[in-house]
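Below: one structure, written as structure tokens.
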Amino acid sequence: MSLSVPRRPAVLAAAALAVGSLVAAAAPTALAAPSAVTAPSAVAAAPTPPDIPVANVKAHLQQFSTIAANNGGNRAHGRPGYKASVDYVKAQLDAAGFTTTLQTFTTSGATGYNLIADWPGGDPNSVLMAGAHLDGVTSGPGINDNGSGSAALLENALAVSRAGLQPTKHLRFGWWGAEELGLIGSKYYVNNLPAAERSKLSGYLNFDMIASLNAGYFVYDDDPAIEQTFKNYFSGIGVPTEIETEGDGRSDHASFKNVGIPVGGLFTGASRTKSAAQAQKWGGTAGQAFDRCYHSACDTLASVNDTALDRNSDAIAYALWNLGAGTPVPPGKSFENTADVNIPDSPAAAVNSPITVSGVAGNAPATTKVDVNIVHTYRGDLVVDLVAPDGTVYNLHNRSGGSADNLVQSYTVNASSEVADGIWKLQVKDTAAQDIGYINSWKITF
Ligand code: DTR
Ligand code: CA
Ligand code: ZN
Ligand code: ZN
């Protein structure tokens, strides 16, 4: 069938949107035993997140390890090691100028404790909360699960105090009890938070297992702005991330998500096995669990990946400083080609529209976005593929849609095994005679 297809002047444009600039992480300062931090003087909010000294985070882990050793080998709900952990964290926060509250609850015949810490100031009607469960299992000291999240969060809170941060939003921190029994502490907190108070929570950030020895770098794919914030941090340090696909319901963010509060968080993996592709991009050992000591006696200081702990601690600071300031989250980096490319009628070879990607560190994300705009009078004729720089083909559209006009569609592609920089192509083939069209434009976003 002949068709006069409207044509536009071919304009080739590659639009690269800047991603938020990143802060060079300074080397961690020398170990300062976690001593009481003097009350902050009122200073302007620090627009730039600080480097969180991983040595300080490890000093908190050492404290948790000692507490477990002195209390029957664990820090589990209902055991003395848990309350001792709460007392340690609370003392640090009280000395740093936080307003702390101990919330008690009862489960499994024992008293549980949530430690809530409010940083004075900020908009009381817009609260950014960050949390980590402080309890471990009975089988061991729970240093990665979840001393790592608890210690990183504590050091970030102390960094807020040291900086005398005055964020736009009100900052609140939570250390949860009895997560291992079923998110009991965080559920109790949310269920007992009046609706008017819940509505003030602009977001909840969760940190549960962020230093797994065979670490992966997973970002929760819940609230898009929170997810993008963490992804921007990691792309700025050249570390690829993947979406946490098993996170739903698996930690305390679920308590907040279940009542409609935007959530996000970080995770380095538990008993799932690291793939060869993941070992290629992150290092570590393929075929082994991310944390082979998950819920085991060997979840000790020896089971901590310092690099992962450092990176995630700094990512927490990046999120607190940026989301707390209410700064708009820069979108991912996008590249576009708007040149019209004619699609010859079948039988004919495929045609393609290239985009040269540069300046994107590491691999493409698991949520690489492809926006396609093809003008055609019979979309069922078309096979449309994304071709990665190394030639890997990802099929986007395979002749569906029948006689409908045009193909204007967004796709999410797990391109996490592909290096982002290079020439990507949108490849289109008309596989049935009659009807013709052209590639109008397409865009790829990392
Ligand atoms: N349930 C958590 C560990 C865990 C397993 N999968 C995820 C995903 C996201 C966060 C945490 C987890 C625990 O044992 O504490
Ligand atoms: Ca650091
Ligand atoms: Zn656990
Ligand atoms: Zn945990």
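Using 25 Å as the Cα-Cα cut-off, could you pick out the over-long pairs in K369/K429; K187/K333; K231/K274? Violating the 25 Å limit, Cα to Cα: K187/K333.
For the chain, what does -39500 (n - 2.57) per DSSP helix run (n ≥ 4), summed and divided by total residues, give at 222 nm, in deg cm²/dmol to the nearest 500? Intermediate values should be presented prior to the final figure.
Details: 9 runs with 104 residues, N = 446.
Helix-only estimate at 222 nm: -7000 deg cm²/dmol.
For S150, S161, S400, S186, the sequence from fewest to most other C-beta atoms within 10 Å is S400, S161, S186, S150. Panel order for V351, V393, V54, V190, by other beta carbons found within 10 Å of each beta carbon, from fewest to most: V393, V351, V190, V54. Would you mind checking the tilt of helix 306-325 against the longest principal axis of the Cα atoms of the chain, expressed as 0 to 90 degrees and rounded to 10? Between the helix axis and the principal axis of the chain, the angle is about 80 degrees. Across the range 103-113, rounded Karplus estimates of 3J(HN,Hα) from the backbone phi angles (6.51 cos²θ - 1.76 cosθ + 1.60, θ = phi - 60°) give 9, 9, 8, 10, 8, 6, x, 9, 6, x, 9 Hz, Gly and Pro being marked x.
Order these by the 10 Å Cβ neighbour count, fewest first: H295, H253.
Numbers: H295 16, H253 29.
In order of increasing Cβ crowding within 10 Å: H295, H253.
Near the amide H of Y217, within less than 5 Å, lie the amide hydrogens of E242, all on another chain or at least 5 residues away, with H placed in the peptide plane.
Of interest is the spacing of the C-alpha centroids, which for the range 332-411 and the range 185-210 amounts to 41 Å. Residue ranges 432-440, 354-362, 308-316 sort as 308-316, 432-440, 354-362 when ordered by packing (mean number of other C-beta atoms within 10 Å per residue, highest first). Farthest towards the positive end of the charge dipole of the chain, among the residues N363, I143, A277, is the Cα of I143, using unit charges on the Cβ of Lys, Arg, Asp and Glu.
Rank-order 87-98, 406-417 by packing density, defined as the average count of other C-beta atoms within 10 Å over each peptide's residues, highest first. Could you put the intermediate results ahead of the total?
Working: 87-98: 19.1, 406-417: 16.8.
Going from most to least packed, we get 87-98, 406-417.
A dipole drawn for the range 124-265 from +1 and -1 charges on Cβ atoms has a positive end, and of P262, H133, L213 the residue lying farthest that way is P262.
Roughly how big is the chain's charge dipole about its Cα centre, with Cβ charges of +1 (Lys, Arg) and -1 (Asp, Glu), in debye to the nearest 20? Write out the running numbers ahead of the final one.
Values: 28 positive and 38 negative charges, 75 e Å.
The calculation lands at about 360 debye.
None of the figures in this text is laboratory data; all of them are computed from the coordinates on show. Given the structure is predicted, the values throughout are model-derived calculations rather than measurements. Note: ideal-geometry Cβ built from the backbone for every residue, glycine included; neighbour counts use all protein chains shown.
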